[in-house]
Ligand code: RI2
């Protein structure tokens, strides 16, 4: 499996899942898709490593693992969808062997589908790019970069503006990744987006969560990029696997926007006493600013989000969201 991120632990307890949860929290593992695959893999590893014979104990450990993983970062629904898919049916398993093989096969199916989804999104999205186009992308999205790379592989010449994406500067990962693929890119600071937009033909971004009303939750600053694109009549396209759609939002739940430590922005010792710092990590872009969403099941309107949730993730996931 390509995304295995850690090796087994001595007695198969929840340690693996907790370690992965810590790495997700610290952003050592980041990107909504990779977070999801890593979480599925952590539960798979936990089931595989369990040496006991008590099915209830294994179920309890997996539930603890699931909890620590979903608590690690609150915003990307990909994480929740991944752990739900991995543990689906676990309550019905009668013995350790049945539970273990169920979790392993669920996790492997999720990881494989997730990897294929990124490839398919690349192929479908690349049809929207013509040679000579300039793309602007924000943060670092495997799905969005997959589209650019697929177009490049088809012989199209694509120029890319990559935003720096303060405070973590994931834009540096983006330009590095593009450079390794032989694609030219230009790094800009986030506040240069509106000025540069007149040179841009299309905006491509990833997604952490897509709500049932079509709103996109993505890296902070995405909604400003969308506003600037809208003003300049530049198409704003989201690249998102179907497990980035949120069954919880069907039930009216609001997406929690993660706020991280102020230290990520500024050393507090540099600030006058009493100055506060806020570090929201994601924002919401309403459907009316989104041209289309490229998924592995095709290019869709943001207004089709509800149908994607019901048809692709299923009533079961809405039921599970209700149970949470
Ligand atoms: P892929 C990232 O979040 C960015 O917001 C990015 O757009 C999104 O995940 C999707 O990334 P963070 O983990 O799944 O850097 O397309 O906070 O790689």
Provide the packing ranking of 146-152, 226-232, 255-261, 199-205, i.e. peptides ordered by the mean count of other C-beta atoms within 10 Å per residue, highest first. 146-152, 199-205, 226-232, 255-261
Kindly provide the helix-only [θ] at 222 nm of the chain, computed as the sum of -39,500 (n - 2.57) over DSSP H runs of four or more divided by all residues, to the nearest 500 deg cm²/dmol? -13500 deg cm²/dmol
Burial ranking of peptide ranges 207-220, 266-279, 184-197 (average Cβ count within 10 Å, highest at the top): 207-220, 184-197, 266-279
Residue 91 versus residue 276: modelled label distance in nm, points set 7 Å from Cα along the beta carbon direction: 4.0 nm
Which of rounded, prolate, oblate describes the stretch 162-315, given a ≥ b ≥ c as roots of the alpha-carbon gyration tensor eigenvalues and a/c under 1.5 marking rounded, otherwise prolate only if a/b is larger than b/c? oblate
With the Cα gyration tensor of the chain giving a ≥ b ≥ c as the square roots of its eigenvalues, does the rule (a/c under 1.5 for rounded; else a/b larger than b/c for prolate; else oblate) give rounded, prolate or oblate? prolate
First measure r as the distance between the Cβ atoms of residue 187 and residue 157, then evaluate 1/(1 + (r/R0)^6) with R0 = 22 Å and state the FRET efficiency to the nearest 0.05. 0.70
Test of understanding: what is the full-extension gain from residue 26 to residue 262, defined as 0.36 nm times their sequence separation minus their Cα-Cα distance? 83.6 nm
If one takes the longest principal axis of the Cα atoms in the chain, at what angle in degrees, from 0 to 90 and to the nearest 10, does the Cα axis of helix 77-87 lie? 20 degrees
Rounded to 10°, Cα long-axis angle of helix 15-25 versus longest principal axis of the chain: 20 degrees
Which order do 120, 249, 163 fall in if you start with the one that has the fewest other Cβ atoms within 10 Å? 120, 249, 163
Where does each of 235-243, 50-58 land if you order them by average Cβ count within 10 Å, highest first? 235-243, 50-58
Degrees separating the helix 171-180 axis from the principal Cα axis of the chain, which is the longest one: 90 degrees
Pairs of Cα atoms under 8 Å, at least six residues apart: use those to get the relative contact order of the stretch 215-291, whole percent. 59 percent
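Throughout, read-outs are computed from the coordinates displayed, never taken from laboratory work. As the structure is a computational prediction, the values presented were derived from the model and not from experiment. So basically every Cβ, Gly included, is an ideal-geometry build from the backbone, and we count neighbours across all protein chains shown.
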